[in-house]
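These notes concern the structure reproduced below.
The values are calculated or read from the model by the stated rules, or taken from the named source; none is laboratory data. Predicted model only: the values in this text are computed from it and were never measured. A quick note on method: Cβ atoms are made from the backbone with ideal geometry, for glycine too, and the neighbour counts reach across all protein chains shown.
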Amino acid sequence: MGLMSGLEKFGIKADQMDMEKLYEKGSGTKPQQQAPTPKPAQELTEADFLYDKTIECPVCQKPFPIRAVKTSKLRRLPPDADLRPHFSYIDTLKYEVYSCPYCGYTAMTRYFEHISSMQRKLILQEVSSKFMEEDHIMQPLESYYSYDMAIDRYKLSLFNTVVKKGQTSEKAYNCLKIAWLCRSKCEELLAEGETEDSASVQEARKEERTFYEQAYEGFVKAMASEMYPICGMDQNTMDILIAEMAFGLGKYDVASRYVSGILVSQTANRSMKDKAYNLKEEIVKVIKKQG
């Protein structure tokens, strides 16, 4: 399965581009006064944290509606070791991409408005023409996005980033978020009764690994060529992210090197050093087990 599989529904034939290398009423008698029975608390759903708003596409200048997250209602939960965020009732990652239904321009919210005239020209030539040739019709907004829908939107965002010759870090961040969404999709499938060895879970695991590797490769290149902050992250945050990703990919020597750097850093805070120390212990355990 190619990195850009699934984009055909948008009219994008991604196989034309080499993507192998990147870099969701009572009776009349008055009743005796009784204490009111408390109503059970209503269970919140993902849709309760969303609202509709309209934004303007910086490529075609047409307004279009989006589903946005009510950030004031969010309750943050502890993140994964590799910084994947968690919130009660909603996975906000699914809504961090804007996609214009008219011209196909798609990008993560952080980058959506920041597009140069040359990049706009590239999008119109390489995305919009093909997108509009397929007579794409804007669909009504869903009450919430499924993981499959969210992953497709991120893939379209990644395709746009390649077309507009975006920074390596933007491509890497896009890949990382797709990998995170694939992980979340696996968790949802398992919660619904699928088993770890089921075809759907195995396929999602494979896709997670593929995009995770691409994200790792991209971030390593970006750290060597771009100025901090990278994707809004300072050097210590990037170092712990790369260390955790390297550990997850079995690159224990790389993980150890970044961990050591954080532990002796004069700018890393106590929380960051604690994370680095915990990861160091995990690395030692794995190496001893293998030895």
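For (1) part of a loop (DSSP other than H, G, I, E, B); (2) over 16 Å from D80 (Cβ atoms); (3) more than 27 Å from the chain's Cα centre (by Cα), each residue gets a yes or a no:
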site	(1), (2), (3)
A215	no, no, no
A224	no, yes, no
L241	no, no, no
G250	yes, yes, no
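At pLDDT 95 or above and exposed (fewer than 15 other Cβ atoms within 10 Å of the Cβ): which single residue out of E133, E113, E142, E96 fits that description?
From the options E133, E113, E142, E96, the qualifying one is E113.
Could you tell me which of the residues K171, K94 is of a type in the set (K, R) and not assigned by TED's automatic domain parsing to the domain that holds L189?
K94
Check whether at least one residue in region 274-290 is in contact with a helix residue (DSSP H, G or I) (Cβ under 8 Å, 6 or more places away or on another chain) and among the polar types (S, T, N, Q), and report yes or no.
Looking for residues that are in contact with a helix residue (DSSP H, G or I) (Cβ under 8 Å, 6 or more places away or on another chain) and among the polar types (S, T, N, Q), one finds none in region 274-290, hence no.
Determine if region 180-203 includes at least one residue that is touching a Ser or Thr at 6+ places or on another chain (Cβ under 8 Å), assigned to a helix (DSSP H, G or I), surrounded by 22 or more Cβ atoms within 10 Å (Cβ to Cβ) and at pLDDT 95 or above.
No, that holds for no residue.
Report whether or not A172 is touching a Gly at 6+ places or on another chain (Cβ under 6 Å) and either buried (at least 16 other Cβ atoms within 10 Å of the Cβ) or of a type in the set (G, A, S) (or both).
yes
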